[in-house]
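Down below is the structure, laid out as structure tokens.
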Ligand code: HDD
């Protein structure tokens, strides 16, 4: 039977028809395939009115359609994740490079011929589902590989270390960072007393705090973010050779961040900044790519490191053990339904495949319990793995049965093992199945931190000393902002004491910003801080940042009379560099170019501050510039772009705006005049991303 086209009715038609007919709709008979039905499959004749005794009479309890619809709606929400509630995901694939079988027997890491499907979810940690994207926070970077041997989950973050060394402190850490329980604020912020009270009493968090106060915690984009497995894992090859490994993801576009003031503006202008960015890129076919690598060491090498490899507050500097690339991930498809996929996806670090195994990292060991457990309250059933986003793509069968929302129908009489009644029932795989690496283990039962976990400051110092000067300034700014929001002076003093141990210059900068010079508490480190530790240049985002505008967004401020040829030249050049151009006009309805063409705008000025762009161009007509002078948003557009250290291109007509914004058009190499259609210099300058030398002048 040919499928009838779906009926299309605009809501206004419905209302008019409905009124005209005294509430009765004339409808074309629906086709079986397209008609609206109840959950029982019953075609619904009227979805506009509840069943009543008379047009103005009471609603009847027997209206099962009304009750079913409202009941379902009432239960549409599920508990959000207790951490990492706000997130955004995409589908894609992973493809291994040649030669990994020397390290692991994991099929998806060894066979370069296969493209393993993946689902990857990025998230913030502290904020609730409805919070904003650009909060200062760790970003989750969780990947589910649907391998031929079952699902493997790499549940990492964009920061390679963690706040605590033992999972038993996780509930305390999270309680401290979440909104304070008596007042229910602040949302999506660590800048408050309870967080800093906890961490300042927990010196093991110092290294992580350095990362969280750095630019790493305000990434420019999920596409420009590194990822780390954080905990130490093991890889084992077919011959049983074992290595301890740290996993790393590196984005093809380079690792870039926002500036704090910019992040604050964006959180108001576009709370969905990171979501929108990923969505737009994937919809445009500009697929984000990440390379997966490991740092691999054997037990002997691990023993020689000057920290304990089981301690999740430590990194192995790349200069000590280089990264070994294993393959690449491409994200190329957005989910078609956010709830069904991104909200219901359930990651778990315990989801392993043969060739990968755990280490005894006590943080990891606690995680192995938590993730499965949390799904029971979040997804409400032990059968959550049957939800399509969680189900493995290879065949799965076992003798687990029943429970809420069981989808699978197991026809056999047998649900136990051993059995002799159903020879087709699932059996153990023996050596072909997953086998834990037979690591010898013994010990005295006790609750104790090893002494090898006791150095809390040397790697915090290492991180600071490896950053470029602007990055160091930002760390100081981060601490000063957050501690400035703490009301308890004793917490600030305690933190200043820790900063003294990490790096006296940093402590001094923060104390100066707080107006608390000389007020640091004295805190005795458990072991001497190693200040001779060699810097690791790989820790800096900007020391060797790629000069590119690939994946970037250029905002162009236009008015009526803007030079059409200039715009076309900009779009062409940007496209050639894999960047995009978005037009900001006084009105979103569009603008008329100098050749009288009405062109659409992407944004109206009040709705798109320059903070949401990577680089900007001011290209008004002379008359347009005069009109813009009366608009604070236009003057701020330039002033903020300058303060956020962006590359600014401008035409001669924009000169009055520079005067109004008090920005020198010859300020530095980042402010570039565009003559005619010669946009090349501007594009080249934009590849520098920001002019760091400008910062001391503006902030
Ligand atoms: Fe966790 C979610 C990453 C320590 C307990 N965690 C969660 C997510 C990420 C991480 C990315 C979100 C996954 C998603 O997108 O759905 N967590 C980490 C990293 C850690 C870490 C890199 C340190 C190495 N986590 C950690 C500890 C515990 C948990 C120590 C508890 C003992 N994490 C959870 C959880 C969550 C979770 C409560 C909340 C929602 C979920 O699991 O599915 O089980």
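Only the coordinates and a few stated rules stand behind these numbers; no lab work does. The structure displayed is predicted, hence computed values, not measured ones. So basically every Cβ, Gly included, is an ideal-geometry build from the backbone, and we count neighbours across all protein chains shown.
Under 17 Å from a label point set 7 Å out along the Cα-to-Cβ vector of residue 543, the amide N atoms of segment 298-338 belong to 315-323. Label reach from residue 568 (point 7 Å along Cα→C-beta): in segment 658-688, amide nitrogens under 16 Å belong to 676-679. Among 256-263, 674-681, sorting by the average number of other beta carbon atoms lying within 10 angstrom of each residue, highest first, gives 256-263, 674-681.
May I ask you to compute the full-extension gain from residue 519 to residue 187, defined as 0.36 nm times their residue separation minus their alpha-carbon distance, rounded to one decimal in nm? Each step should come with its number before you reach the end.
Numbers: separation 332, 0.36 × 332 = 119.52 nm, distance 2.94 nm.
116.6 nm is the gain from fully extending residue 519 to residue 187.
By the Stokes-Einstein formula, at 1.002 mPa s and 20 °C, the chain with its Kirkwood radius over alpha-carbon pairs has D equal to 75 µm²/s. Beta bridges assigned by DSSP with both partners in segment 553-698 are antiparallel in approximately 10 percent of cases.
Label positions at residue 350 and residue 261, each projected 7 Å from the Cα along the C-beta direction, are separated by 4.9 nm.
Sequence gap at least 6, Cα distance under 8 Å: using those rules, report the relative contact order of segment 580-699 to the nearest whole percent. Answer for segment 580-699 is 21 percent.
If packing is taken as the mean number of other Cβ atoms within 10 Å per residue, what is the order of 78-86, 455-463, 335-343, highest first?
On the way: 78-86: 18.1, 455-463: 24.6, 335-343: 15.0.
In decreasing order of mean packing, 78-86, 455-463, 335-343 become 455-463, 78-86, 335-343.
Note on residue 40 and residue 80: the model spin-label points, each 7 Å out from Cα along the C-beta direction, lie 3.7 nm apart.
Contact order, relative form, for the chain: 11 percent (alpha carbon pairs under 8 Å, 6 or more residues apart, mean separation divided by residue count). Rounded to the nearest 0.05, the FRET efficiency derived from the C-beta distance between residue 692 and residue 53 at R0 = 60 Å is 0.25. Summary value for segment 644-699: 46 percent relative contact order, contacts being C-alpha pairs under 8 angstrom separated by 6+ residues.
If I stretch the segment between residue 429 and residue 668 completely, what's the gain in nm (0.36 nm per residue apart, minus their alpha carbon distance), one decimal?
Values: separation 239, 0.36 × 239 = 86.04 nm, distance 6.74 nm.
The span from residue 429 to residue 668 would gain 79.3 nm if fully extended.
Which peptide among 123-131, 218-226, 402-410 comes first, and what is the full order, when sorted by highest mean count of other Cβ atoms within 10 Å?
Working: 123-131: 19.7, 218-226: 24.1, 402-410: 10.9.
Order by mean packing, descending: 218-226, 123-131, 402-410.
Classification of segment 456-539 by its C-alpha gyration tensor yields an oblate form. The axis ratio a/c (a ≥ b ≥ c) is 1.5 or more, and b/c is at least a/b.
Beta bridges per DSSP, both residues in the chain: antiparallel share near 75 percent. A Förster distance of 30 Å, applied to the separation of the beta-carbon atoms of residue 279 and residue 469, puts the FRET efficiency at 0.25.
So what is the 222 nm mean residue ellipticity for the chain from helices alone, if each DSSP H run of at least 4 adds -39500 (n - 2.57) and you divide by all residues, rounding to the nearest 500 deg cm²/dmol? Walk me through the numbers on the way to the answer.
Numbers: 20 runs with 192 residues, N = 699.
Helices in the chain give a 222 nm mean residue ellipticity of -8000 deg cm²/dmol.
Placing a pseudo-label 7 Å from each Cα along the Cα-to-Cβ vector at residue 60 and residue 699 gives an inter-label distance of 6.7 nm.
Answer rounded, prolate or oblate for segment 27-92, using the Cα gyration tensor with square roots of eigenvalues a ≥ b ≥ c: rounded when a/c is under 1.5, else prolate when a/b is larger than b/c, else oblate. Show your work: numbers first, answer last.
Numbers: a/c = 3.53, a/b = 1.71, b/c = 2.07.
Since a/c reaches 1.5 but b/c is at least a/b, the shape of segment 27-92 is classed as oblate.
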